[in-house]
1. From the residues in the stretch 218-235 that are more than 19 Å from residue 34 (Cβ to Cβ) and assigned to a loop (DSSP other than H, G, I, E, B), which one is least open to solvent (accessible area, probe 1.4 Å)?
2. In the stretch 223-237, how many residues are within 18 Å of residue 173 (Cα to Cα) and under 29 Å from the mean Cα position of the chain (by Cα)?
3. Please go through the stretch 31-67 and give me each residue that is surrounded by 14 or more Cβ atoms within 10 Å (Cβ to Cβ), farther than 22 Å from residue 2 by Cα and out of contact with any Phe, Trp or Tyr (no Cβ under 6 Å at 6 or more places or on another chain), ordered by number.
4. Looking only at helices (runs of 4 or more DSSP H) that fall completely inside the stretch 1-88, which ones have 2 or more residues that are among the basic types (Lys, Arg) and in contact (Cβ under 8 Å) with a residue 40 or more places away in the chain?
5. Might you check whether a residue that is buried (at least 16 other Cβ atoms within 10 Å of the Cβ), assigned to a loop (DSSP other than H, G, I, E, B) and over 28 Å from the mean Cα position of the chain (by Cα) occurs anywhere in the stretch 205-217?
6. I'd like the residue in the stretch 198-228 that is without any contact (Cβ under 8 Å) to a residue 60 or more places away in the chain and among the basic types (Lys, Arg) and, out of all such residues, is nearest to residue 244 (Cα to Cα).
7. Taking the conditions exactly as written (open to solvent by 50 Å² or more (accessible area, probe 1.4 Å) and either hydrophobic (A, V, I, L, M, F, W, C) or part of a loop (DSSP other than H, G, I, E, B) (or both)), does residue 179 satisfy them or not?
8. Test each condition in (1) under 17 Å from residue 125 (Cα atoms); (2) out of contact with any strand residue (DSSP E or B) (no Cβ under 9 Å at 6 or more places or on another chain) for residue 70 and report the one that comes out false.
Amino acid sequence: MGYRLDEIDKRIIYRLMQNARDTSAPQIADEVSVSAGTIRNRVQKMREHGIITGFHANIDFERVDGRLTSLFTCTAEVPSREGLAQSILDIPGVVNVRELMTGRGNLQVKAVSEDTSDLSRIANELSNRGLEIENENLVQNERFHPYHQFGPDERRGHVSMADLVSLSGEADVVELVIDSDAPIANKTLKEAGREGLIGDELLIIAIERDDTVLTPKGSTWIRPDDVVTVFSREGVSDDVLREFVGE
């Protein structure tokens, strides 16, 4: 089963794309109102599922002894494309290979060379591996930006509803981040039920706290910054939201 990204995961990806080196788990946690442990746990899960594949430095090689950065557009036979893409990473100077869903020009190869002679050596090695070079360009500048759709919503300060899945009928499964002033915060599930904060139509499925997912029981406490998964037979109403995330 694939990993489903919620709003917390998306915000993590946005911030790491923006500046992975100087962005800490506590900084992201403060923004989305969960614990730093929860952020670290989410990063680990996304790495395990192959969503986050690494953390890389973006280098301006022109400032390093005037090195040249080139982008080769190449064509490989489709049956051998994947194997070629992996093998040409072993060519000294090749730093990135992209496989494209197209006929011709289905491989893009980014390479760094010391001078034009070294650039010719890389081009020859690509040809010798069975690639047909369609085009070759020197890269002048590269600019990066995180994916806008995963960025913060300017209309609200933090994440309160992390995820929502609508089921058949009016039923919903929702992930809610518990706010410190929410009526249910710092109560056990038994206390919350006794006070009418958890109605008969609601079922607490799971509680994520730091790097642990708790199995809810009557004696389980609901703490601020918990990510609580709730099943609601009658859908998620404003009253339900107020009980869990406050006003």
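1. Filtering the stretch 218-235 for residues that are more than 19 Å from residue 34 (Cβ to Cβ) and assigned to a loop (DSSP other than H, G, I, E, B), the one least open to solvent (accessible area, probe 1.4 Å) comes out as 235.
2. Within the stretch 223-237, residues that are within 18 Å of residue 173 (Cα to Cα) and under 29 Å from the mean Cα position of the chain (by Cα) number 10.
3. Answer for the stretch 31-67, where residues must be surrounded by 14 or more Cβ atoms within 10 Å (Cβ to Cβ), farther than 22 Å from residue 2 by Cα and out of contact with any Phe, Trp or Tyr (no Cβ under 6 Å at 6 or more places or on another chain): 31, 32, 33, 34, 35, 36, 37, 61, 62.
4. Filter on the stretch 1-88 gives 7-19, 36-48.
5. Taking every residue of the stretch 205-217 in turn, none turns out to be buried (at least 16 other Cβ atoms within 10 Å of the Cβ), assigned to a loop (DSSP other than H, G, I, E, B) and over 28 Å from the mean Cα position of the chain (by Cα).
6. Restricting to residues being without any contact (Cβ under 8 Å) to a residue 60 or more places away in the chain and among the basic types (Lys, Arg), the top hit is 223.
7. Judged against the criteria, residue 179 is not a match.
8. The one condition residue 70 does not meet is (2).
The values are calculated or read from the model by the stated rules, or taken from the named source; none is laboratory data. All values derive from a computational prediction rather than experimental measurement. Heads up, the Cβs are rebuilt from the backbone with ideal geometry, glycines too, and the neighbour counts pull from every protein chain shown. In case anyone asks, the SASA skips ligands and DNA or RNA and just uses the protein heavy atoms, side chains included. Shrake-Rupley method; radii C 1.70, N 1.55, O 1.52, S 1.80 Å.
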